[in-house]
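Below is one structure; the comments refer to it alone.
What follows draws every value from the coordinates through simple rules; no lab data is involved. Being a predicted model, the structure only gives us computed values, none of them experimental. Here Cβ is always computed from backbone atoms with ideal geometry, including for glycine, and neighbour counts include all displayed protein chains.
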Amino acid sequence: MRIVVAVKQILNPAGVVVNLRREMIFVNREEYILGPADKCALEVALQWKEAAGAEVVAVSLGPARADDALREALAMGADAAYHLHDPAFDQADIAVAARALAAATRRLEPVDLVLVGDRSDDTGAGQVGPRLAEALGLPQVTGAYQVRPADGAAEVVRRWQGRFARVWVPLPAVVAVAAGAVKPRYPHGARIMNAYRQWQVARWSAADLGLTEEDLRPLAVYRGQAFPPAPEVGEMVRGEPAEAARELWNILKSQKLV
Amino acid sequence: MDFSYLETLLEEELGPVEEVGEGYRNVWVLAEAAEGRLAPHTLEVMGKARELADSLGVYLYAVLLGHGVSGLAQGLVAYGADKVLVVDAPALEPYQPEVFCHALATLVEEKRPEILLLSASDLGNDLAPRLAQRLRTGLLSHCLDLAVDMAERLLIGTGPAMGGRYFELYVCPEARPQIATVEPGQFRIPYEDPYRSGELEAVDLPLEGVAGRLTWEEVDAPFAPPPEPLSKARVIVAGGRGMGDAESFRLLGALAEALGGQVAGSRGAVDEGWIDEARQVGVANPPVAPRLYLACGISGSVFHCFGMQDTEFLVAINADPEAPIFKVANVGVVGDAKAIVRELLALARGEG
């Protein structure tokens, strides 16, 4: 039983401050973290490993600094880590990343379960899970809050149209775990030391994965940024409670805050 | 004489024969049914899609997939569709990503729309990326706004970046169709026109080749996301001593729930025992940075303001017009916080 967990290193949004009036983005604290949803996916894999036994493999596509994210995964309890790193990936969009992760998963065959984070905190596109499932020809479940082994299948409690639903998906499958679904563990200090001193992170390039130029061509093209309108300052509302509340409510609605 | 060089010359002048997007026309919307009716988030997408189709000068198609959904097709015409493609098959109930993906991909490859919009609902978020990968095209996901660059007939999608702190614009110039998912709640539901006419087409798709592999079971529990820490809440309703008593303070909890946010308090409220210390905003706890912060009966000490200085939109409700919090508030309401909160709660519940 082998579980592949695709993780991504992201810039911590908490260190990013946006000045709406000047339409500028400031990075106050440049801190790179393992995505919260990805961390939950890893925790789900580790819990599966404890319950039913499995080999947990962490895979990440990213620049050289993504190495830290993989070592954090090793410290948390992953058995092996692979870093998909190549200058050819610098321009990669989500479709390219999904193809690279799919190629890596194929190299790791036999794989019984692929876990990813449902939505990352930086782009929040939530595309990797279904794209990976399609590239591998596997069934998929997204928005998962509980994942349990169930006799050749995974039993998943998922978010579905305002309710919870229980879904069984036969393995192998791709499951996207929602952020906050489980509480990721803190790695033991000795494991953190080992992750840097003893254990290895293997590197695979685009050529190792057999990706062609066509596979590496990004389709989504960045077209600039925009800002929500800066709120007006200092407006005062007076009057009877009912009127004042109504006026305040209208302001909140016009700002799309409620 | 040999004129073959002429052909070569002509080819060079004319450039490449086939352009990107050649043969791709019309705007499509994937319609979702919920409890026997058209889902409200689908209708929101219909309104925006109608605008895009009008500015591009093309037809708006709605695609309805499911079992026993044919009766809803006319409703889509009333909300702006020129044509409705209905695939009504037992294999399409319950939702199976692989079957839906196959059905929609088959329709797209046959009829070639230039734009395909889905709602960023649980279904749309599950299906759209898979479909985009199948069709080898890009996906602009969780769009808050959509526009069209008329020169190149490009769909421009505005999506959230860095957890919604600002927006990023993306396009997909080199592949068709251009697919986007639209975040629910962004657009108005258009007016229903029951006299609008449009064409309905029942499409017979062979779906036997693909089998859905998921087994579904309804769980009788409404979805409630796990509690998030106060520092990550998008809406915070905070109260201070000005709320008067514990019973009035409880109104804030109800208001927070109605607005999908969390309740917090100032030092004063904690001292009165109205709220737990963990929910105090100030220097003692991690700072909060919500999109909306409602300060009710809080005068706004330096420490309190420090704890919430990253708030995007600050509303202060206080009886004292000289309270320091009005100096930093985006909107200040002078009046009895208790009474105003009670009115706000009625408004929030009335519209929720």
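Nothing charged except the Cβ atoms of Lys and Arg (+1) and of Asp and Glu (-1): what's the magnitude of the dipole of the protein assembly as shown about its Cα centre? Round to the nearest 20 debye. Don't jump to the answer; show the numbers that get you there.
Numbers: 57 positive and 83 negative charges, 389 e Å.
Charge dipole, the protein assembly as shown, about its Cα centre: 1860 debye, nearest 20.
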*asked:* Suppose a student asked you for the relative contact order of chain B, using Cα pairs under 8 Å spaced at least 6 residues apart; what percent would you report?
replied: 13 percent
*Options A:20, A:80, A:54, ranked by Cα towards positive dipole end of region A:10-120, top entry (Cβ charges)*: A:20
*Folded to 0 to 90 degrees: helix B:122-134 orientation relative to chain B principal axis, Cα*: 40 degrees
*Starting from the Cα of residue B:327, draw a straight line to each of the aspartates and glutamates and keep only those under 14 Å, dropping any in the same chain fewer than 8 residues away.*
A:232, A:235
_Once R0 is set to 30 Å, what does the formula 1/(1 + (r/R0)^6) return for the Cβ-Cβ distance between residue B:216 and residue B:191, expressed as a FRET efficiency to the nearest 0.05?_
0.25
*So what's the net charge close to residue A:92: Lys and Arg +1, Asp and Glu -1, counting the other residues with Cβ under 13 Å from its Cβ?*
-1
*Principal axes of the protein assembly as shown: Cα extent on each, largest first, Å*: 95, 71, 53
_Phi to ³J(HN,Hα) by Karplus 6.51 cos²θ - 1.76 cosθ + 1.60 over region B:288-303, Hz, x for Gly, Pro_ = 9, 9, x, 6, 10, 10, 9, 9, 10, x, 10, 6, x, 5, 4, 5
_Within region A:1-110: Cβ-based charge dipole about Cα centre, in debye rounded to nearest 20 (Lys, Arg +1; Asp, Glu -1)_ = 200 debye
*asked:* Based on the alpha-carbon set only, what is the convex hull volume of chain B divided per residue, in Å³?
replied: 204 Å³
*asked:* Compute the helix-to-body angle for B:337-351: its Cα long axis versus the longest principal axis of chain B, expressed 0 to 90° and rounded to tens.
replied: 20 degrees
*Given springs between every Cα pair under 10 Å in a Gaussian network model of chain A, which of A:248, A:74, A:42 has the largest fluctuation?*
A:248
*For chain A, find the longest principal axis of its Cα atoms and tell me its angle to the long axis of helix A:66-76, 0 to 90°, nearest 10.*
70 degrees
*Which whole-Hz ³J(HN,Hα) couplings does region A:97-105 yield from phi under the Karplus relation 6.51 cos²θ - 1.76 cosθ + 1.60, θ = phi - 60°, glycine and proline marked x?*
4, 5, 5, 5, 5, 5, 5, 5, 4
*Binned Cα-Cα distances of region A:58-217, short to long, each 5 Å bin given as a whole percent*: 2, 9, 16, 19, 21, 17, 11, 5, 1, 0
*What are the residues whose amide H is under 5 Å from the amide H of residue A:237, where those residues sit 5 or more places off or on another chain and H is modelled from the backbone?*
B:332, B:333, B:334
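With charges only on Cβ, +1 for K and R and -1 for D and E, what is the dipole size of chain B about its Cα centre, in debye, rounded to 20? Present the calculation step by step, with values, prior to reporting the outcome.
Values: 27 positive and 52 negative charges, 285 e Å.
Once rounded to the nearest 20, the dipole reads 1360 debye.
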*asked:* Through the Karplus equation 6.51 cos²θ - 1.76 cosθ + 1.60, θ set to phi - 60°, convert the phi angles of region A:182-196 into ³J(HN,Hα) values in whole Hz; use x for Gly and Pro.
replied: 9, 9, x, 6, 8, x, 5, x, 5, 5, 5, 4, 4, 4, 9
*First measure r as the distance between the Cβ atoms of residue A:17 and residue A:51, then evaluate 1/(1 + (r/R0)^6) with R0 = 60 Å and state the FRET efficiency to the nearest 0.05.*
0.90
*Amide H partners (placed H, <5 Å) of residue B:148, local residues excluded*: B:156
*What does the average come to when, for each residue of peptide B:284-291, you count the partner chain Cβ atoms lying within 10 Å of its Cβ?*
1
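What's the local net charge at residue B:170, with K and R +1, D and E -1, over the other residues with C-beta under 11 Å away? Don't skip to the end; give the middle numbers.
Numbers: positive: A:223; negative: A:93, B:168.
Neighbourhood net charge equals -1.
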*Taking the highest mean first, how do the peptides B:263-274, A:7-18 order by number of other beta carbon atoms within 10 angstrom per residue?*
B:263-274, A:7-18
*Once you have the Kirkwood Rh of region B:23-202 from its Cα pairs, apply Stokes-Einstein at 37 °C and 0.692 mPa s and quote D in µm²/s.*
204 µm²/s
*What is the mean number of Cβ atoms from other protein chains located within 10 Å of the Cβ atom of each residue in peptide B:94-107, rounded to a whole number?*
2
*Using the beta-carbon distance between residue B:152 and residue A:192 and R0 = 41 Å, what value does 1/(1 + (r/R0)^6) give for FRET efficiency, to the nearest 0.05?*
0.20
*Normalising by the residue count of region B:184-307, find the relative contact order in percent from Cα pairs under 8 Å and 6+ residues apart.*
27 percent
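Anything over 25 Å Cα to Cα? Flag those among A:253/B:83; A:39/B:232; B:48/B:111; A:39/A:253, in the order listed.
Listed pairs above 25 Å: A:253/B:83; A:39/A:253.
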*How many partner chain Cβ atoms sit within 10 Å of a residue's Cβ in peptide A:138-144, on average, as a whole number?*
5
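What does the extension gain come out to for residue B:245 and residue B:278, with contour length at 0.36 nm per residue minus their alpha carbon separation?
9.9 nm
May I ask you to derive the relative contact order of region A:1-150, considering only C-alpha pairs under 8 Å and at least 6 residues apart, and to give it as an integer percent?
Values: 254 pairs, mean separation 43.9, N = 150.
Here the relative contact order equals 29 percent.
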*Quick one: which residues, 5+ away or cross-chain, put their amide H under 5 Å from the amide H of residue A:226? H built at 1.01 Å from N.*
B:167, B:168, B:169
*Please identify, among B:174, B:199, B:208, the residue showing maximal mean-square fluctuation in a Gaussian network model of chain B using a 10 angstrom Cα cutoff.*
B:208
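Which percent, nearest 5, of DSSP beta bridges in the protein assembly as shown are antiparallel?
35 percent
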*Which residue, B:24, B:79, B:195, has the most motion in a Gaussian network model of chain B that connects Cα atoms within less than 10 Å?*
B:195
